[in-house]
1. Need one number for chain B: average projected area of the convex hull over its C-alpha atoms, nm².
2. Using only the C-alpha atoms of segment A:78-216, find the volume of their convex hull and express it per residue in Å³.
3. Across every pair of different alpha-carbon atoms, what Kirkwood hydrodynamic radius in Å does segment B:127-248 reach?
4. Residue by residue, what Karplus-based ³J(HN,Hα) values in Hz, rounded to whole numbers, does segment A:24-32 have, using 6.51, -1.76 and 1.60 with θ = phi - 60° and x for Gly and Pro?
5. What is the set of long-range amide H partners of B:Asn29 at a cut-off below 5 Å, with H atoms built 1.01 Å from backbone N?
6. Could you tell me which residue out of B:Met90, B:Val126, B:Thr205 lies farthest along the dipole of chain B toward its positive end? Charges go on the beta carbon: Lys and Arg +1, Asp and Glu -1, centred on the Cα centre.
7. Between beta-carbons, use under 14 Å as the cut-off and find the net charge around A:Gly307, counting Lys and Arg +1, Asp and Glu -1.
8. Can you list residues whose amide H is under 5 Å from B:Val91's amide H, if they're 5+ apart or on another chain and H is modeled 1.01 Å from N?
Amino acid sequence: MNIVLIFLITIFSISLFFYGKSKTKTISIKDNIKLNALPKFYGYYLVLWCSIPALVFLLVWSLFEPVIIKSIIIETAANQGAIFSDKNEANLIYEKIKAIHLGTYFGDIDSILRESALAYAKFINLFTNSKVVLIFGIIIASVIYSLKKIKNNNKARDDVEVILKGLLFVSSLIAILTTLGIIFSLLFESIKFFSVINIFDYLFGTNWSPQRAFVRDASSITDAEFEELKDAFGFIPLIAGTSFIAFIAMLVAVPIGLFSGIYMAEYASIKVRRISKPIIEILAGIPTVVYGFFAALTVGPFFRQVGENLGLTVSSESALAAGLIMGIMIIPYVSSLSDDVINSVPQSLRDGSYAVGATKSETIKQVVIPAALPGIIGSVLLAVSRAIGETMIVVMAAGLAANLTINPLESTTTITTQIVMILVGDQEFDSPKTQSAFALGLTLFIATLILNYIAQRAVKKYREKYD
Amino acid sequence: MSSIKIKSKNLNVYYGNKQALYDVNLDLNEKEVTALIGPSGCGKSTFIRCINRMNDVIDICKVTGNIEMDGVEINDKNLDVVSLRERVGMVFQKPNPFPKSIYDNISYGPKIHGKGETKSELDQIVENSLKKSALWEEVKDRLDEPGTSLSGGQQQRLCIARAISVNPEVILMDEPCSALDPIATAKIEELIDELKKTYTIVIVTHSMAQAVRVSQKTGFFHLGKLIEVGKTEKIFKNPDNKMTQDYITGRFG
């Protein structure tokens, strides 16, 4: 029904565009009036007036219709004598009524349900009909209003600008509100978690074993259980594992990325650059899950094999394998960003250095890199925050056990891996185990936020210097 | 009459398919200021960039013909560009100090060429260079501040100090005053007068008045050709060529 309505509104709006355009043209010719805007602006004006109020109304109506119908139906069912003690039972009855209406209910239908189903059908009908009537009413009213405005030769151009500005504003508002919503949901769930687990136990505990708290209602936890849970949520092994893997990744990505960036910016001929830059950037386009199984199925076993030959114990899921592959994944970020900042070091600085007799590598080492350093640091920090937030590779290649270790050959785990482990499969939403995922998410979010902030400050500082 | 320091013979320069200089034959005298004038894009800058081989930096640039300094061919691919540029310094149109301290800006060149082994030797070079470029008094108390914190005119004198820090024989100046105000310009011109006692100087300029004030010899370029060259006085008072006459009287360019 809604789709048909949207389709009708669209068709109607488009035809109004042409009507408005030709109408204003004829008016201006017939009455020899100078129009306040081009005829097409009157067309846009009509389109916007015809479509936006109707669409907004449709959206709001669709949001509230189910809620209103539900409360009415539950009330009528109660009046008929249906008994339910809490919200969940009321919901169950409502779902039954809906199923009866749709003909997909196969249980016993008593008189209360039958009556309620009839009432439901009646209300659905009523609401749908009034929706259609109201929408057409709104369209007609707004079209009449806008046509009248057009006849008065209003400043359609300015009005269209205002409406478009409003549309753009609403779009950005949606983006901002979504971000805020995510942050607050993280925050509230984390607060619930920290009401059970002391925040200091979380931040400084060295033992992570959340499965101990599996399916345990946070609101009805006993003192004995609490004591047991106290040291199950230690954050230290996770942040250690995360930093360790990110560190290995950086050991790979920073030198290779930076050197290839320098090569691309300073040495490569235009022809080489044109071919090799996109190839490096393809690395950034490979889905991380592909890197992940490459790390888990190829690199991990390879390291174990090599380790065995050397007489070392290497876990087949090792920090080294995950870090190495993650580093390779990050190379294009470092190389392409540092290539850009090196390129934006003004040629005049290089000329100044060449002119006193410096060679190319001396110039790069002593003039270009120091000048580009803030930007390079920024690109490295962005890469770090990517490494910390990376999930797929570590889930597949780094292991699940929260070992507090600095041996790269052992398996270790990261924040993101643990979030995945906690939230896959069945879970109880009141359990501290599930809520700990939100606390981890919040911690991770704050960490990457700080890194990104520092990185952007560094990049900005660099930009100010040469613009 | 001083001796000839640099001598170009049938010098041609191409940027890709476009020819920028046509058979330029120009002699530059030792310890004298030679001014190169002419409308934009006429090849003046291209010519001076041949003297320290700065055109090497541009991939598509090709130089043919001869250019000699003290009888040694510069345009020879076996020539050591590093030691050439040690002998031929350059000052650019826009002041381009490195984003380093004032001290490091000057000590950069000497360090690269292994001059000034000890700290005190380096200090001496920095002080001398700044004194020669008439900047010492203004910056002696803040040598560790960034070179970019100086005013435009001071930055340009810093660049001149940087050029003379490696003790060159020739200094090339590519419109050194075009980004400066008249007071800073006057200071630089004064400085050029002083420097010509020690160095051979070539200056590209768009200001006729500046050419008259600072130079002893003037060359007029037009569309990549050297139209006329001679004593500055003669070029501005009584040029042989009609085109030179038209240019210096402001009829074109």
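1. Numbers: hull surface 54.6 nm².
About 13.7 nm², averaged over all directions.
2. Dividing the Cα hull volume of segment A:78-216 by its residues yields 240 Å³.
3. One over the average 1/r among Cα pairs gives 15.7 Å for segment B:127-248.
4. For segment A:24-32, the Karplus-derived couplings read 5, 4, 5, 4, 5, 6, 5, 8, 6 Hz, x marking Gly and Pro.
5. For B:Asn29, the qualifying residues are B:Lys5.
6. Value computed over the given set: B:Thr205.
7. With Lys, Arg at +1 and Asp, Glu at -1, the net is -2.
8. For B:Val91, whose amide H was placed from the backbone, the distant partners under 5 Å are B:Leu172, B:Met173, B:Asp174.
Quick note: the coordinates plus some simple rules give every number you see, no bench work behind them. Predicted model, so just to flag it, every value in this text is computed and none were measured. All Cβ positions, glycine included, derive from the backbone under ideal geometry; neighbour counts span all protein chains shown.
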